[in-house]
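The values are calculated or read from the model by the stated rules, or taken from the named source; none is laboratory data. Model, not experiment: these values are computed from the prediction. Backbone-built Cβ (ideal geometry, glycine too); neighbour counts: all protein chains shown.
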Amino acid sequence: MADTPITLRLTIADPVSGVRYSLQQDDMPFEPVTATGEALSFDVPVRLSDDGRFLGPFVRREGKERRFIYIRIGTPAGDHASEWSRRAKIDIHDIPPALLDKARAGAVLEVVLPGRGKDGTPACATVRPIKGWIAL
């Protein structure tokens, strides 16, 4: 069998208004948007191999198991005047197999993420979901 294209939706519940966000494709920002304070979603196309590996230009690796997607924030997202220079790391390697089966059948998998840290600035580093992965 061939790799299966699936879509992962990363939704930031409360992004910091006026800050630019983008996905990281390879090592470049991809389709940056400036937050208005409303929830912000990125649909990420990835490929899922028969043995469960995530593949594609948005997928990053760390070690044998960990796979994640970066969201660039501020200057890395292309806003060179921004006071922020951050990335949020969104783990995908721990998506339950039952949900991956639904994605293979055409469902979009969504996770809801916080947009702000405890200090009110853009959330960064490894960002833990507010609501875990669901199939839409």
Among the residues of region 87-126, how many are outside any loop (DSSP other than H, G, I, E, B), of a type in the set (A, V, I, L, M) and at pLDDT 95 or above? 10
So, first residue acidic (D, E) in region 39-58, second residue modelled with pLDDT of 95 or more and not in a loop (DSSP other than H, G, I, E, B), Cβ within less than 7 Å, six or more apart or across chains; the pairs are D43/T7; D43/R9
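Hey, does region 28-35 have a residue that's in contact with a helix residue (DSSP H, G or I) (Cβ under 6 Å, 6 or more places away or on another chain) and either closer than 16 Å to E110 by Cα or among the hydroxyl-bearing types (S, T, Y) (or both)?
To start, the set of residues in region 28-35 that are in contact with a helix residue (DSSP H, G or I) (Cβ under 6 Å, 6 or more places away or on another chain) comprises 29, 32.
Okay, now just the ones that are also either closer than 16 Å to E110 by Cα or among the hydroxyl-bearing types (S, T, Y) (or both), so none.
For region 28-35, residues in contact with a helix residue (DSSP H, G or I) (Cβ under 6 Å, 6 or more places away or on another chain) and either closer than 16 Å to E110 by Cα or among the hydroxyl-bearing types (S, T, Y) (or both): absent.
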Please work out which one of (1) over 11 Å from the mean Cα position of the chain (by Cα); (2) farther than 20 Å from R128 by Cβ; (3) surrounded by 13 or more Cβ atoms within 10 Å (Cβ to Cβ); (4) of a type in the set (D, E, K, R) is the condition D43 fails and give its number. (1)
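Restricting attention to region 109-130, which residues are over 13 Å from the mean Cα position of the chain (by Cα) and more than 15 Å from L40 (Cβ to Cβ)? Write out each step before concluding.
As a first pass, look at region 109-130 and keep what is over 13 Å from the mean Cα position of the chain (by Cα): 116-122, 130.
Once the filter is applied, which keeps residues that are over 13 Å from the mean Cα position of the chain (by Cα) and more than 15 Å from L40 (Cβ to Cβ), region 109-130 yields G117, K118, D119, G120, T121.
So how many residues does region 41-86 have that are of a type in the set (A, V, I, L, M, F, W, C) and outside any strand (DSSP E or B)? Walk me through how you get there before you give the answer.
Let us first name the residues in region 41-86 that are of a type in the set (A, V, I, L, M, F, W, C), namely 42, 44, 46, 48, 54-55, 58-59, 68-69, 71, 73, 77, 81, 84.
Next, only the ones that are outside any strand (DSSP E or B) stay: 58, 77, 81, 84.
Going through region 41-86 one residue at a time, the tally reaches 4.
Only one residue in S22, S17 is touching a Gly at 6+ places or on another chain (Cβ under 8 Å), surrounded by 13 or more Cβ atoms within 10 Å (Cβ to Cβ), closer than 18 Å to C124 by Cα and hydroxyl-bearing (S, T, Y). Which one? Even if it seems obvious, please write down each step before you answer.
Details: S17 fails: surrounded by 13 or more Cβ atoms within 10 Å (Cβ to Cβ).
Criteria check complete, one pass: S22.
Based on what the data block shows, is I6 assigned to a loop (DSSP other than H, G, I, E, B) and either closer than 20 Å to W133 by Cα or at pLDDT below 95 (or both)?
no
Any chance you could count how many residues in region 1-14 are farther than 23 Å from A103 by Cα and surrounded by fewer than 16 Cβ atoms within 10 Å (Cβ to Cβ)?
Our first condition is that a residue be farther than 23 Å from A103 by Cα; within region 1-14, this holds for 14.
Still in the running and surrounded by fewer than 16 Cβ atoms within 10 Å (Cβ to Cβ): none.
Residues meeting the conditions: 0.
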Check R104 against each of (1) in contact (Cβ under 8 Å) with a residue 60 or more places away in the chain; (2) of a type outside the set (D, E); (3) in contact with a Phe, Trp or Tyr (Cβ under 9 Å, 6 or more places away or on another chain); (4) more than 22 Å from E38 (Cβ to Cβ) and name the one condition it does not meet. (3)
